[in-house]
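Peer 1: The structure under discussion is supplied below as structure tokens; questions concerning it will follow.
Since every read-out is calculated from the coordinates, none of them should be taken as a lab result. Everything quoted here is computed from the prediction, not taken from an experiment. In this analysis, Cβ positions are derived from the backbone assuming ideal geometry, glycine residues included, and neighbour counts consider all displayed protein chains.
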Amino acid sequence: MSSALAKVENLVEKGGNHQVVTANPEILYSALQDSELNQIIEQASLVTADGIGVVWAASRVGTPVPERVTGIDLMSNILARAAQKGWPCFFLGGAPEKAASGTQPTIPSVAEEAAVRLKRLYPGLQVVGTAHGYFNELQQAELDMQIAAAKPRLLFVGLGAPRQEKWIKMYLQRTPLPDLLAMGIGGSMDVFAG
Ligand code: UDP
């Protein structure tokens, strides 16, 4: 975890666009048959062993890694660092807001609720934007504009694997932002949102 975190810090400070993959067994197993996903993993700036099975397998094939680094733990540590360093963050993914109905008040989107709670947990954290993860192609263009206008340095994407990994790869190719580190986080935002 400490070397993964140091690597993230180095990538953010060096600049440029970077993809972080937390490789769990499902992702790695899919990559055996999915050459696009396999290429994403090979080209990522940082890949962590997300699961004890991956740590075990890495040593079996002769490329041991020191420990398990899960997506949710890495994200938590990156956010703590982001709060200290002033790196602006954008959260994408999870369920949209639910409008008020009857006696039920409006329920904020998962990403918004996660942002509120994470700002409490990491004082000083700058969340420059949030968006839910259920968008069509037309809304995709709006989302691109929303992210570009918010100018994050870190983009956390929770669309489920491997869709989020593929989305990030494509997004980093078209984004006008020159310095962006993006990471797939699966359902972590649901956890942070409670
Ligand atoms: N999700 C989304 N858009 C979609 C499908 C899924 O934003 O079109 C979100 C979903 O709400 C959940 C996350 O992606 O927050 C997927 O979580 P899951 O636990 O299935 O992913 P995993 O951690 O297994 O990759």
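Peer 1: Just a yes or no: is a residue in the range 165-174 away from the ligand (no atom under 16 Å from the Cβ), within 16 Å of the chain's Cα centre (by Cα) and buried (at least 22 other Cβ atoms within 10 Å of the Cβ)?
Peer 2: no
Peer 1: Could you tell me which of the residues Glu112, Glu67 is acidic (Asp, Glu) and part of a loop (DSSP other than H, G, I, E, B)?
Peer 2: Among Glu112, Glu67, only Glu67 is acidic (Asp, Glu) and part of a loop (DSSP other than H, G, I, E, B).
Peer 1: Tell me the residue from Tyr134, Tyr171 that is part of a helix (DSSP H, G or I) and either among the aromatic types (Phe, Trp, Tyr) or in contact (Cβ under 8 Å) with a residue 60 or more places away in the chain (or both), please.
Peer 2: Answer to the selection: Tyr171.
Peer 1: I would also like to ask the following. Which members of the range 145-164 meet the condition of being within 16 Å of the ligand (Cβ to nearest atom) and either of a type in the set (D, E, K, R) or part of a loop (DSSP other than H, G, I, E, B) (or both)?
Peer 2: Leu159, Gly160, Ala161, Pro162, Arg163
Peer 1: Scan the range 135-148 for residues that are more than 19 Å from the chain's Cα centre (by Cα) and not charged (D, E, K, R) and report the count.
Peer 2: The number of residues fulfilling the criteria is 4.
Peer 1: Specify the residue that is surrounded by the most Cβ atoms within 10 Å (Cβ to Cβ); the eligible residues are those in the range 175-194 that are under 24 Å from Ser30 (Cα atoms) and more than 13 Å from the ligand (Cβ to nearest atom).
Peer 2: Looking at the filtered set, the residue picked out is Ala182.
Peer 1: Given the options Ala95, Ala100, name the one that is surrounded by fewer than 19 Cβ atoms within 10 Å (Cβ to Cβ), within 16 Å of the ligand (Cβ to nearest atom), of a type in the set (Gly, Ala, Ser) and more than 27 Å from Gly16 (Cβ to Cβ).
Peer 2: Ala95
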